[in-house]
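Chemist: Please find one structure pasted underneath; my questions will follow.
The values are calculated or read from the model by the stated rules, or taken from the named source; none is laboratory data. Because the structure is a prediction, the values reported are computed rather than measured. Every residue, glycine among them, receives a Cβ derived from its backbone with ideal geometry; neighbour counts consider all protein chains shown.
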Amino acid sequence: MSILVTGGLGYIGSHTVVELINNNFDVIIVDDLSNSEKFILDNIEEITGKRPIFYPFDLRRKELLTQVFDAHNIEGCINFAASKAVGESMTEPLKYYENNLFSLINVLQEFKERNISNFIFSSSCTVYGQADEMPIDENTPLKEAESSYGKTKQMGEDILKDFSRAYQKKVSLLRYFNPIGAHPTALLGELPAGIPNNLVPYVTQTAAGIREKLSIWGDDYPTEDGTAVRDYIYVVDLAKAHVAALKKLLNSENETVLDIYNLGTGKGSSVLEVVKAFELANNVPVPYQICPRREGDITVAYANADKAEKELGWKSETSLEESLKTTWEWQKYLNDRNN
Ligand code: NAD
Ligand code: WQD
């Protein structure tokens, strides 16, 4: 049974490919390397002993995608491929609508034409905006997204709801909170392009001396220590949730399924808590300065992930400190590679 993994050389995709292979799935990756590197394929092979089939092209090239579906017996897809830089999506919205939605629709058309079901979509906690109550469960109302990137996730979810209903398909929408960490082998991890926007890559690069100081965006939020709170989920735990969600779809006897799951730890951590946990876990200092709030940031977001536990038998297992240790090992691996 072959599973198509779009964006399978990216951060979350590569970790998920490893878990799929560990669970005896045959994996076919399509990734245009727009935000990933080819050596990740070698590293997946080093970890698992298997080299997934890899096609390097842009999913918007429908004719190439059709050839992949002609060549393989594809029974499901996990769709990671998307552009994900929130700030860039505000200055280049068309890039985001085009890449994130056309790529998705091209795969869905193949599914429709070939009668394939079992589709998993990378959604995001960003679809909730600043929710009125914590923790956020799957029934929490969605608010207008803060960014064009976030809107592509809301639109992607809407497209998939219609797709599932109209064509009787099995679909799972996975709303990730804040993924962090790297593979325990230090052979896979996040590859931030340029100056990182996300907290943990910035903290890591500051500890490594690549950045001088972390800017903490605001210490006047109505939280315990004044810094904003998020739910940081370890990437390998997150990857395992995809396998559980896929197995549930494959095993379901219903023709039409629309699953929605929050994937988080259920625990909120503040920016300062992350910095302290990183310092403690790795015994390295992270110099920081307090700066004004970042535009568009919300105060607090953490998940109620009970539904995933109940229905998928999945829950987050790795502590913040453990996750931050793996990030540091990955940074050291990257330093060695670059020297
Ligand atoms: P990533 O950028 O590391 O991975 C995405 C991969 O898709 C990259 O390897 C990129 O080269 C590829 N890609 C992009 N457009 C493509 C196209 N048109 N054709 C073929 N390949 C293409 O990102 P990630 O952090 O692994 O995120 C994976 C998914 O999860 C994305 O959809 C993202 O929006 C979503 N998500 C990420 C986060 C996060 O914080 N990392 C949180 C919530 C949701
Ligand atoms: C976390 C906290 C920052 C960097 C983004 C996307 C969201 C989702 C996850 C994909 C915030 C603070 C950060 C820094 C800081 N991605 N921070 N200094 O904002 O929760 O969400 O990633 O779907 O859509 O918007 O994550 O890692 O950017 O920030 O103080 O240099 O760290 O202000 O409070 P965020 P983040």
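Chemist: Could you list, ordered by first residue, the pairs with Cβ atoms under 7 Å in which the first is in the stretch 21-34 and over 10 Å from G7 (Cα atoms) and modelled with pLDDT of 95 or more and the second is among the charged types (D, E, K, R) and surrounded by fewer than 22 Cβ atoms within 10 Å (Cβ to Cβ), at least 6 apart or interchain?
Modeler: The qualifying pairs are I21/K50.
Chemist: For the stretch 165-185, which positions are closer than 21 Å to D137 by Cα and within 16 Å of ligand 2 (Cβ to nearest atom)?
Modeler: To start, the set of residues in the stretch 165-185 that are closer than 21 Å to D137 by Cα comprises 171-180.
If the condition is that a residue be closer than 21 Å to D137 by Cα and within 16 Å of ligand 2 (Cβ to nearest atom), then L173, L174, R175, Y176, F177, N178, P179, I180 are the ones that fit.
Chemist: Within the group A228, A182, which residue is over 16 Å from A281 (Cβ atoms), in contact (Cβ under 8 Å) with a residue 24 or more places away in the chain and crowded, with 22+ Cβ neighbours inside 10 Å?
Modeler: When all the criteria are applied, what remains is A228.
Chemist: Taking the stretch 177-235, which residues are in contact with a strand residue (DSSP E or B) (Cβ under 6 Å, 6 or more places away or on another chain), under 20 Å from G150 (Cβ atoms) and acidic (D, E)?
Modeler: The one that is in contact with a strand residue (DSSP E or B) (Cβ under 6 Å, 6 or more places away or on another chain), under 20 Å from G150 (Cβ atoms) and acidic (D, E): D231.
Chemist: Does V286 qualify as being over 21 Å from the mean Cα position of the chain (by Cα), among the hydrophobic types (A, V, I, L, M, F, W, C) and surrounded by 21 or more Cβ atoms within 10 Å (Cβ to Cβ)?
Modeler: So V286 fails the test.
Chemist: For E157, all conditions in the list (1) within 21 Å of A305 (Cα to Cα); (2) more than 13 Å from ligand 1 (Cβ to nearest atom) hold save one; what is the number of the exception?
Modeler: E157 satisfies all of (1) within 21 Å of A305 (Cα to Cα); (2) more than 13 Å from ligand 1 (Cβ to nearest atom) except (2).
Chemist: Right, next: Evaluate the stretch 5-22: report whether one residue or more is part of a helix (DSSP H, G or I) and of a type in the set (D, E).
Modeler: Yes.
Chemist: Something else about it: Specify which of the listed residues (D162, D137) is away from ligand 2 (no atom under 16 Å from the Cβ), in contact with an Asp or Glu (Cβ under 8 Å, 6 or more places away or on another chain) and either aromatic (F, W, Y) or over 30 Å from I40 (Cα atoms) (or both).
Modeler: Criteria check complete, one pass: D137.
Chemist: Return the residue satisfying two criteria in turn: it lies in the stretch 289-309 and is part of a strand (DSSP E or B) and surrounded by fewer than 17 Cβ atoms within 10 Å (Cβ to Cβ), and of such residues it is nearest to ligand 1 (Cβ to nearest atom).
Modeler: The selected residue is C291.
Chemist: Could you tell me which residue of the stretch 194-221 is surrounded by the fewest Cβ atoms within 10 Å (Cβ to Cβ), considering only residues that are part of a helix (DSSP H, G or I) and away from ligand 1 (no atom under 14 Å from the Cβ)? Outline the logic, then answer.
Modeler: We begin by selecting, within the stretch 194-221, every residue part of a helix (DSSP H, G or I); these are 199-207.
Of the ones still in play, those that are also away from ligand 1 (no atom under 14 Å from the Cβ) are 203-207.
Working: V203: 28, T204: 29, Q205: 19, T206: 22, A207: 23.
Going through the qualifying residues, I end up with Q205.
Chemist: Would a scan of the stretch 136-147 turn up a residue that is surrounded by 15 or more Cβ atoms within 10 Å (Cβ to Cβ), within 13 Å of ligand 1 (Cβ to nearest atom) and at pLDDT below 95?
Modeler: yes
Chemist: Sort out which residues of the stretch 1-10 are in contact with a helix residue (DSSP H, G or I) (Cβ under 7 Å, 6 or more places away or on another chain) and in contact (Cβ under 8 Å) with a residue 60 or more places away in the chain, and write them in order of number.
Modeler: I3, V5, T6, G7, G8
Chemist: Name the residues in the stretch 101-126 that are within 20 Å of the chain's Cα centre (by Cα), in a helix (DSSP H, G or I) and either small (G, A, S) or surrounded by fewer than 19 Cβ atoms within 10 Å (Cβ to Cβ) (or both), would you?
Modeler: L101, F102, S103, I105, listed by residue number.
Chemist: Same structure again: Given the criterion away from ligand 2 (no atom under 16 Å from the Cβ), out of contact with any Phe, Trp or Tyr (no Cβ under 9 Å at 6 or more places or on another chain), within 27 Å of P192 (Cβ to Cβ) and in a loop (DSSP other than H, G, I, E, B), identify the matching residue among L94, L33, L59.
Modeler: L33
Chemist: Of these, L249, L258, L280, which one is crowded, with 18+ Cβ neighbours inside 10 Å, at negative phi and of a type outside the set (S, T, Y)?
Modeler: Selected residue: L249, the only one of L249, L258, L280 that is crowded, with 18+ Cβ neighbours inside 10 Å, at negative phi and of a type outside the set (S, T, Y).
Chemist: Oh, and also: Filter the stretch 65-86 for residues that are outside any loop (DSSP other than H, G, I, E, B) and within 16 Å of ligand 2 (Cβ to nearest atom) and give the result.
Modeler: I78, N79, V86 - these are the residues of the stretch 65-86 that are outside any loop (DSSP other than H, G, I, E, B) and within 16 Å of ligand 2 (Cβ to nearest atom).
Chemist: Another question, then. Given the criterion within 28 Å of L312 (Cβ to Cβ), within 9 Å of ligand 2 (Cβ to nearest atom) and touching a helix residue (DSSP H, G or I) at 6+ places or on another chain (Cβ under 8 Å), identify the matching residue among L188, L199. Steps first, please.
Modeler: On the way: L188 fails: within 9 Å of ligand 2 (Cβ to nearest atom).
Every option except L199 fails the conditions.
Chemist: Suppose the filter is over 21 Å from N99 (Cβ atoms), surrounded by 21 or more Cβ atoms within 10 Å (Cβ to Cβ) and under 14 Å from the mean Cα position of the chain (by Cα); does G189 pass it? Outline the logic, then answer.
Modeler: Values: over 21 Å from N99 (Cβ atoms): yes; surrounded by 21 or more Cβ atoms within 10 Å (Cβ to Cβ): yes; under 14 Å from the mean Cα position of the chain (by Cα): yes.
In short, yes.
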